[in-house]
Each structure stands twice: as structure tokens, then as C-alpha cells.
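Colleague: Below: one structure in C-alpha cells.
The values are calculated or read from the model by the stated rules, or taken from the named source; none is laboratory data. What you see is a predicted model, and the numbers here were worked out from it, not measured in a lab. Glycine also receives a Cβ, built like all others from the backbone with ideal geometry; neighbour counts cover every protein chain displayed. Calculation scope for accessible area: heavy atoms of the full protein, side chains included, ligands and nucleic acids excluded. Shrake-Rupley method; radii C 1.70, N 1.55, O 1.52, S 1.80 Å.
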Amino acid sequence: MALIVATLLLFAAGPFVLWPLIKTPVDDFISPPPGESLSPPHPLGRSAPPEKRALPGGGV
Amino acid sequence: MPVAVLDDSLHPVILGYLGAGALLAALVMGGFSAVLSFWAGRQQNPVMVQVGRRAFYAATAMIVAAGGVLEWALLSHDFSLAYVTEHTDLSTSTALSAAGFYGGQEGSLLYWALVLGVLGSVSLVASASLGLRLAGYAAGLMAAILSFFLVVLVLVASPFDLLSITPPDGLGLNPILRDGGMLIHPPVILAGFASFAIPFCFASAALMAGRPDSAWIAHTRRFALIAWGLQTTGLVLGMWWAYHVLGWGGYWGWDPVENVALMPWLATTAYLHSSMVQETRGRLRAWNFGLVILAFLLVVFGTFIVRSGVVPSVHTFAISAIGPWFLAFLFICIVFSVVLLALRSNVLGGDAEPVAPVSREGAFVLQNLLLIAVVVVVLWGTVLPLVSGMLGQQRVVGAAYYERAAGPLFVVILALMAAGPLLPWRRAARMPSARALMWPGAAIVVVLAALLVAGVRSIPALIALPLVAAVAGTCFTQYARLGSGWARLPSMLRRRRRRYGAYLAHLGLAVLVAGIGASHFWQQEKDVTLAPGQQVTVAGYTLTYTGSEQRQLSDHTELVGLMRFGDSTLEPARATYSGLGGQSLTHVAISTTPVADVYVVLAGVTADGSASFSVFVNPLVSWIWAGGAIIIVGVLLGNIGERAPAVEAVRRRVPASVLT
């Protein structure tokens, strides 16, 4: 029973936890290798400038 | 299936499963957050760092839900839960039933996890400004610590264990915990313990990320202050509770549990001062990391001591089987910290030039060393029974050891509190001016003369109390400087509120130490047996015993000895809890004035109506409580509304939309 409750709670929390993944286009969160700088601005100019990429939305 | 159609007997079962399920989900989410945050921090993956942080928030929300379920069960007297049965009964008041949340082992662990989750979440909200690596590692460490507590809560000490048969009533709270102090002391001190984890996580994360600069200090300054403020409040409340409940006339017995609460407080006091040296002069980086890590390790060590029962203590009601778990956790934390400091020693480096001995930072360094020396003294006294027991014969040290070993160190710290704020930063080209020394110097002379005239010949008293007056004199000197330009006073207070809040906290500590000193040096006690109508006089205070009476209260009976004192009647009593196997407890009667407390303990009443009392006169005890309150007011005034410099600096460089 506790397992069922835990599973339901985890499902309920899923959208909140995974929201940054859901809202981010796939090609926008390819991470660079450790120690290297983050990817350059998107060729179409839609993505944020480098400073913004280095300091992503810290709100939540 | 809707809950409303279930049989009443199923409701409690559902409560138990809801709570256990929430804890289990929190454990999964906490573990996920820990693993993901470490990985994302290492990869510097901004999206995954956010996901890891959100997982931590979700775990916190589940712990809050579990806490809500437990509180609901306690308030509704749901005795199908073993925890509720063991810590409340039907006669327990609503307030104490609610306090049962942290009154037992399992609940207090849940409370600890809850505080860590809530404060940790707050600390993580703005952590992105510290950089991806640091923020990711900090979230990972915090989630790892939270997960440890959740593992213990799920596997070893669940507050949601169900009884096979629901009893009609519970066992009730331990009589010593049936007091107003129960409502304030444990939650504050436990919250203080839990909050030490936050500076530890950010300091360790900064080391892991190779970022030994002051950004982590600026970010966690408020949390270090919260931890220190909570621990200060918890310690003073603990002293107040012990004084009012235990009935031995004192407030501090150097009990292991008191010691383990004092040690992280001392380490954090040192850190709050040395971190200023790093922020102002860029020095003591390695030392600051060490202090924050030491404070957290002392918290874990203290928890192990309290919960395992390896040393004798008045808090034996807290003993349980989770001691080995905390020992293992302590071992892991020590190994992690030592390895981390060793691996990062290259980035910490040494200071280019030594700290000038006669300077503000020099005073801070000396004060730090003295505080750590006190920690060593207290630690040795605490673990001696354990160490000596392993070597053959168990030895326990008493108050005399602590007073002889730590007393001189505290005296030098007082002298530094008086002189340090008058010294300039960097090398002091000249000594403080005669004008600056006037107030503290005059305070020393006046108090010393007054004590000598009053006939005091105790050398410790003649050293300590004038120094206390000098500390107060220094604080007033600083405020007098501020007041010299009355028109500028409000703006000065606003701009330098942190500094003047700190002086107020120093003043509060001086008041507190004056209370401790006076009650320690000049306490008077008399044990008497009086027939009705007879009097006793102690230190000039006369009390008249007028008789005794038996009272029946809701959960216990009281045998009360009535003592007339001036226009009032003091009612010391002995309470007997028949429902708890006849356990007996002393109820102390105290008459408080700013000058002294008259403290009466009833030892017993004989068949002929005569009664035995212990009567204490404790000078200036109320100053201890007042001093504690002034310290907290100083910390609050100095820091509420104070801007966090690191975050501000980043905000100036980065578009606002990025940080919100």
C-alpha cells in the first residue's frame, strides 16, 4: 500500500520535476564536455547569449 | 475507493500508509536529486541542474506531507500508530500532543529532515548565481544528506509503524517533557542542528568545484547566521528549561547533550568572525572551509552521542538503535571532508603574508584559536567516558574540569571582545587612542573598585566581571561614535547595520556572561526542614513555610509546599504520574527579580506536616535570559533586509531575466 502511495506521489511530482526538460527544445540542452565552454549561440539567433547559458534560470 | 465509504477502523491504517508512502517517495526523489545533481554539476548541464534542484524541492514537499500526516495522527489521537501511542495519551493537551511530533526519536528525525528540506530549498533557489558546478554539487550534497535521514526514517525509525492491535489509550509523554519548554526548546535546537548542513554543503561544493573564493560565504552567510541564531536561542532556552524543570538550582551541568550543542555553536561563532576576514581581506580561506566542515561534523557527532547512549546523559530518553547509522554517517562525512580538503589544498594555498598580530584580523585569528581550544576541551570532556571505558575503567569529568580548562580561555576571549573592535584592519600603525580606550577602561576600573569595596576576593570574579564591563564599554564606545553625528544616525545605522547589529549581539553576550558569572560566583543554598509557621533566611531573603496540600490535576497529582515570600506565595511541588508507573517529578517555584532569583525545591513532606526544602538564591540569573534575547535582537536587526553581496554583484553583470 505504501508502495502504491509512493508511486502515485512520484507520478504526481513528475511534471514539476521534469518541467525544465519538457520546456527545453532537444537541441538546446546538449551539454558540453566537462571543462569546455558551453555551445555558441543558436545559428537562428533564438537562443540566449553565452552569459545566459552559463547562468541558467535559477528561479527554481 | 473514496475514503468516506471506508470503515472507521481503516482510516488510521490509511494515515499510516500515506505517511510511509510519502517518506518512501521522498527517499526516491532525494536519491534521484543527489545522483542527478552531482552528474549535472560535473557536466555543467544547466537543464539537468534545474531538474536536480526541482527533485530536491519535490522531496521536501513529500516530507512536509509526511509531517502533516504525522501531526494529524497525533492531534486525532490515532493510537494505531506506534509512535502516537508511545508519545501521547488522551490526557495530553493539544499543544503537547502537537509537540509530540519531535518528542520521540522517529518524529525528531522527521522534523530534522523537514527543516533541512525547507531551508535547503530556500538556499538552492538563488544558487544558480554561484555557477553551475557549485550549484549542482551543493544540491547533490544536500540531497545526499536528506536521503540519509530518509533512509533511516524508512528502514530503521519510521514514525508510521502500525500496531497490530489499536490500544484505547497511549503511554503519554515522558513527564519531564510535559512542560512549556517542550514547545520551544527542542524544535529550535533541532532546527539549529539541521541548518548547519547548509553552509557545509555550499562550502564542500565550492571545494569540489575548485571555487575557494568568497562567493559561497556570501551566499550562505544568512544560513550560517540562521544556524547560529537558532543554536544560540536553543541553548539559552535549554538552560532556561533545565533551570525551571530539573530542580538542582542551576542551568548548565556540562551534560554531554549540552556539550554537543555547545561545540558547533563555538565553531560557528569562530566562523562568523573569520569569514569577515575573508570577505574583507581575502584571507583565512582554508580555515573558513575547515570551520564550517568542523561545525557540521560536530553536529553529526552530537547526534550520534545523543541517540546512541554511548555516554551517560540526562537525555537518555532519546536513546535508540539508530546510533550505528549515525556512526557510519559520521565516518563517511569525516572521510569525505578530509579527502576533499586534502585534494583541494592546492587551490586553497597559503596567505601571501602573515596576519599582523595587532590588528582586527589578528584579534579574530586569536579569538578563533581560543574558541577552537574550548571546543577541544569540551570534546575531550565529552568523549572521555567513552575513551576511558574502552581502555578499561570508565571516567567522567565534572564541572570543575570544564571550569579550570575552559575558564581561562573564556577570560581571554572576553578581553579580545573588549579590545578587538577598537583595532583597525591590517597592521595597526598605532595602538587604539586613549579616547577609544576611555569607556572600556573606565568600566574595568569602576567594576573592579565596586567588587573590592563589596568585599569580593575571588580572583576569577575580579578578572571576569570587569572584563564583561569592558566589553559593554567597547560596545557603548562604538555606539557613541555613531551618535556623535545625530543627523547622520539613521543613514549610518542603515548602511552599517550589520556592524552595529553585531555590537548589540556583543552587548547581549556581555549581559549573559554577567548573569552566568554572578550566579556562579555568588549562588547561595540552604537545605532545611521546616514545621508549618517556621522561617528560613538565605542571603537576606526570608521565606515562611505555611503548610502543604495535595492537588489532583488532569494527568498527575501534586504535593505542594506553600512558602510565603513577601506578599506572594511560592508553591514548590512534587508531581506524581500514576498513569506512568508512579513516576515523580519536581516542580520548582521561582521568584524572579532583576537582582536575584529565589528558587525553592520541595524535597518531601513528612507525616507530621513538616517539609524539607532546598532554597537557592541565584544572583542575576534573569540577565542570562535577557542577554540571550539581546543577542537575537542584534542578529535580527543587523541582518534582516541586508543585501547578499555576491548575488547583487552577479545581478549587475547578468540580465535580470536570467536569474529569476
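Colleague: Please compute the modelled spin-label separation between residue B:345 and residue B:491, points set 7 Å along Cα→Cβ, answer in nm with one decimal.
Modeller: Here the answer is 5.0 nm between the modelled labels.
Colleague: Sticking with this one: Take the alpha carbon atoms of chain B, find their radius of gyration, then divide it by 2.2 N^0.38 Å using N residues; give the quotient. All intermediate terms of the calculation are to be shown ahead of the outcome.
Modeller: Working: Rg = 26.9 Å, N = 660, 2.2 N^0.38 = 25.9 Å.
The reported ratio for this selection is 1.04.
Colleague: Something else: In Å², what does the accessible area per residue of chain B work out to with a 1.4 Å probe?
Modeller: About 41 Å² of surface per residue is accessible.
Colleague: Let me ask you something else. Got a number for the accessible area of residue B:106? Probe 1.4 Å, square angstrom, nearest 10.
Modeller: 40 Å²
Colleague: Which three extents, in whole angstrom, do the alpha-carbon atoms of region B:1-173 cover along their principal axes, largest first?
Modeller: Rounded to whole Å, the extents work out to 57, 34, 24 Å.
Colleague: Using only the Cα atoms of region B:524-621, build the gyration tensor, take square roots of its eigenvalues as a ≥ b ≥ c, and label the shape rounded, prolate or oblate: rounded if a/c is under 1.5, else prolate if a/b is larger than b/c, else oblate. Show your work: numbers first, answer last.
Modeller: Values: a/c = 2.13, a/b = 1.53, b/c = 1.40.
Taking the square roots of the gyration eigenvalues as a ≥ b ≥ c, region B:524-621 is prolate.
Colleague: Report the one residue of B:216, B:193, B:585 whose Cα lies farthest in the direction of the positive end of the charge dipole of chain B (charges on C-beta: Lys and Arg +1, Asp and Glu -1; origin at the Cα centre).
Modeller: Of the listed residues, the answer is B:216.
Colleague: By accessible area of protein heavy atoms, probe 1.4 Å, what ranking do B:233, B:592, B:60 get, highest first? The partial results should precede the final answer.
Modeller: Numbers: B:233 45, B:592 85, B:60 10 Å².
The ordering from most to least exposed comes out as B:592, B:233, B:60.
Colleague: At 1.4 Å probe size, put B:190, B:366 in order of accessible surface, largest to smallest. If you can, show how the numbers build up before the last one.
Modeller: On the way: B:190 15, B:366 80 Å².
Solvent-accessible surface, decreasing: B:366, B:190.
Colleague: With θ set to phi - 60° and the Karplus curve 6.51 cos²θ - 1.76 cosθ + 1.60, what are the ³J(HN,Hα) couplings of region B:122-130 in order, to the nearest whole Hz, using x for Gly and Pro?
Modeller: Using θ = phi - 60°, the values come out as 4, 5, 7, 4, 9, 6, 4, 5, 8 Hz.
Colleague: So, one more: Roughly speaking, what is the centre-to-centre gap between region B:203-248 and region B:503-517 when only Cα atoms are used, to the nearest Å?
Modeller: Region B:203-248 and region B:503-517 have Cα centres separated by 19 Å.
Colleague: Just read off the accessible area of residue B:358 with the full protein assembly in place, 1.4 Å probe, to the nearest 10 Å².
Modeller: Result for residue B:358: roughly 70 Å² accessible.
Colleague: To the nearest 0.05, what FRET efficiency results for residue B:529 and residue B:213 with a Förster distance of 51 Å applied to their C-beta separation?
Modeller: On the way: r = 68 Å, r/R0 = 1.33.
Taking R0 as 51 Å, the efficiency between residue B:529 and residue B:213 is 0.15.
Colleague: To the nearest 20 debye, what charge dipole does region B:524-621 have about its Cα centre, counting +1 at the Cβ of each Lys and Arg and -1 at the Cβ of each Asp and Glu? Intermediate results must be reported in sequence, preceding the final value.
Modeller: Details: 4 positive and 9 negative charges, 12 e Å.
With only Lys, Arg, Asp and Glu charged at Cβ, the dipole is about 60 debye.
Colleague: About the Cα centre of region B:1-173, what is the dipole size in debye to 20, counting +1 per Lys and Arg Cβ and -1 per Asp and Glu Cβ, all else neutral? It would help to have the intermediate numbers written out before the result.
Modeller: Details: 4 positive and 9 negative charges, 244 e Å.
Dipole about the Cα centre, nearest 20: 1180 debye.
Colleague: Answer with one residue from B:602, B:226, B:388: the one whose Cα lies farthest towards the positive end of the charge dipole of chain B, charges on Cβ with Lys, Arg +1 and Asp, Glu -1.
Modeller: The one lying farthest along the dipole's positive direction is B:226.
Colleague: Using heavy-atom solvent-accessible surface (probe 1.4 Å) with all chains present, what is the largest-first order of B:220, B:546? Could you put the intermediate results ahead of the total?
Modeller: Details: B:220 0, B:546 70 Å².
Most to least solvent-accessible, the answer reads B:546, B:220.
Colleague: For the interface of A with B, what's the total buried accessible surface in square angstrom, probe 1.4 angstrom, rounded to the nearest hundred? Could you put the intermediate results ahead of the total?
Modeller: Numbers: alone 5460 and 28280 Å², together 30700 Å².
When A and B are taken together, about 3000 Å² of accessible area is lost.
Colleague: If each residue of separation counts as 0.36 nm, what is the full-extension length gain between residue B:71 and residue B:607 once their alpha-carbon separation is subtracted?
Modeller: Details: separation 536, 0.36 × 536 = 192.96 nm, distance 4.54 nm.
Answer, rounded to one decimal: 188.4 nm.
Colleague: Continuing with the same structure: So for region B:122-244, taking the charge dipole from beta-carbon charges (+1 Lys/Arg, -1 Asp/Glu), which of B:155, B:173, B:237 sits furthest toward the positive end?
Modeller: Towards the positive end, the residue furthest out is B:237.
Colleague: Sticking with this structure for a sec: Taking 0.36 nm per intervening residue step and subtracting the Cα-Cα distance, what contour gain separates residue B:476 from residue B:557 on full extension? Don't skip to the answer; put the middle values down first.
Modeller: On the way: separation 81, 0.36 × 81 = 29.16 nm, distance 5.09 nm.
Stretched out fully, the residue B:476 to residue B:557 stretch lengthens by 24.1 nm.
Colleague: Still on this structure, I have one more. Please give me the summed charge of the neighbours of residue B:463: other residues whose Cβ is under 15 Å from its Cβ, Lys and Arg +1, Asp and Glu -1.
Modeller: Numbers: positive: B:404, B:457; negative: B:403.
For residues surrounding residue B:463, the net value is +1.
Colleague: Taking trypsin sites (Lys or Arg not before Pro) that fall in a DSSP loop and have at most 15 other Cβ atoms within 10 Å as cut points, what is the longest piece of chain B between them?
Modeller: Working: sites that count: B:395, B:426, B:427, B:430, B:457, B:496, B:643.
Counting only loop sites that pass the neighbour cut-off, the longest clear stretch is B:1-394.
Colleague: If you don't mind, another one. Express the carbon and sulfur contribution to the solvent-accessible surface of region B:1-173 as a percent, rounded to the nearest whole number, probe 1.4 angstrom.
Modeller: On the way: 3880 of 5620 Å².
Accessible surface attributable to carbon and sulfur in region B:1-173 totals 69 percent.
Colleague: Here's another thing I want to ask about it. If you take the square roots of the eigenvalues of the alpha-carbon gyration tensor of region B:158-279 and sort them as a ≥ b ≥ c, do you get rounded (a/c under 1.5), prolate (a/b over b/c) or oblate? Could you put the intermediate results ahead of the total?
Modeller: Details: a/c = 3.53, a/b = 1.66, b/c = 2.13.
Because a/c hits 1.5 or more and a/b fails to exceed b/c, region B:158-279 counts as oblate.
Colleague: Within the set of other residues whose C-beta is less than 11 Å from the C-beta of residue B:83, count the net charge using Lys and Arg as +1 and Asp and Glu as -1. Working shown, then result.
Modeller: Numbers: positive: none; negative: B:78, B:86, B:106, B:161.
Net charge around residue B:83: -4.
Colleague: Ok, one more. Assuming 1.306 mPa s and 10 °C, estimate D for region B:233-285 with Stokes-Einstein, Rh taken as the Kirkwood radius over Cα pairs, in µm²/s.
Modeller: On the way: Rh = 12.9 Å.
In µm²/s, the coefficient rounds to 123.
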